Amino acid sequence: TPVFSTAGRIVDQKGLEIYAESIEEVLERFQGQGELPVFYAQGVGDNVYIEQLLNVKRRIAQKYGQKAANRIVFARLFSEPGRYDGCKLMSDFTIMSSWFEPCGLVHKEIAAFSGAIPIVNRVGGLTDGLTDGVNAIFANFRPKFDNYYDALKHNRWEFANAIQRAIDLFSNKAEFNKVLKNSYMTDHSWLKQGGPMEEYVKILVDLKVLKPEVLNNAA
């Protein structure tokens, strides 16, 4: 049974409602095809977004029964000793459904800890250092600047597609283990060759803030 998890601050930026809506979409498509996945979220923050997840859980209970709703688990915790490690250890896939994200670290921390495969929106820095189908799964994304509800509807569908890809991947154990290993072995260090720090140095050299030999020494 695949376990999908997300952990972190629960604020507008993090798009917990996208994750919640995509869960409902996935279960609507599921139609009894084997054991239901487990969807887990933990964090502290704005009750508005927590309630959006819990409302989906209530709707699932009404539509498909309490057994299906019990596969959606929310824990109001984040920083307690050991709890975050628990999320890392139990995850097969780690969710980052943010509306915007300059970098994003939690999904990479979990991947480096246990190999859990990131599922992320194609936005901001969430995809940095990741390759769709190799060490992560990307979801097509629409920002909410023009119309929040249209964007949420679009992202519900697209993130559910990404989760469905993950479910299919999980059923192919050889391929799943390959992607899991790739996820675990990915180096997200800023200091790696060709990494973010080298890119910043190149920009500063182009702007003549740093001398070219700085880049040579870095290489």
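The values are calculated or read from the model by the stated rules, or taken from the named source; none is laboratory data. Since this is a predicted model, take the numbers as computed values, not measurements. All Cβ positions, even for glycine, are placed from backbone atoms using ideal geometry, and neighbour counts span all protein chains on display. Accessible surface is based on the protein model in full, side chains and every heavy atom, while ligands, DNA and RNA are left aside. Shrake-Rupley method; radii C 1.70, N 1.55, O 1.52, S 1.80 Å.
Miscellaneous remarks
- FRET efficiency for the residue 213 to residue 187 pair, using the beta carbon distance and R₀ = 30 Å, is estimated at 0.75.
- Phi-derived couplings, Karplus 6.51 cos²θ - 1.76 cosθ + 1.60 at θ = phi - 60°, listed residue by residue for the stretch 90-101: 8, 7, 8, 9, 10, 9, 9, 9, 4, 6, 8, 6 Hz, with x used for Gly and Pro.
- For the chain, share of DSSP beta bridges that run antiparallel, in % to the nearest 5: 0 percent
- For the stretch 39-170: relative contact order, % (alpha-carbon pairs under 8 angstrom, 6 or more apart): 16 percent
- Whole-Å distance, taken between Cα centres, linking the stretch 1-76 and the stretch 82-134: 17 Å
- Three-way shape call for the stretch 90-219 based on the alpha-carbon gyration tensor, with the a/c threshold at 1.5: oblate
- Straight-line cross-link partners of residue 67 among the lysines, defined as a Cα under 30 Å from its Cα and at least 8 positions apart when in the same chain: 14, 57, 88, 153, 173.
- Once both labels are positioned 7 Å from their Cα atoms along Cα-to-Cβ, the gap between residue 132 and residue 157 label points is 1.6 nm.
- Solvent-accessible surface of the stretch 17-131, averaged per residue with a 1.4 angstrom probe and all protein chains in place: 43 square angstrom.
- Here each label is just a point 7 Å from Cα along the line to Cβ, and for residue 47 and residue 105 those points are 3.0 nm apart.
- Look at the dipole of the chain built from charges on Cβ: of 19, 105, 39, the Cα furthest out on the positive end belongs to 39.
- Taking the accessible area of the chain, probe 1.4 Å, and keeping the other protein chains in place, the carbon and sulfur fraction comes to 54%.
- For the chain, modelled as a GNM whose springs connect Cα atoms under 10 angstrom apart, the maximal fluctuation among 136, 61, 160 occurs at 61.
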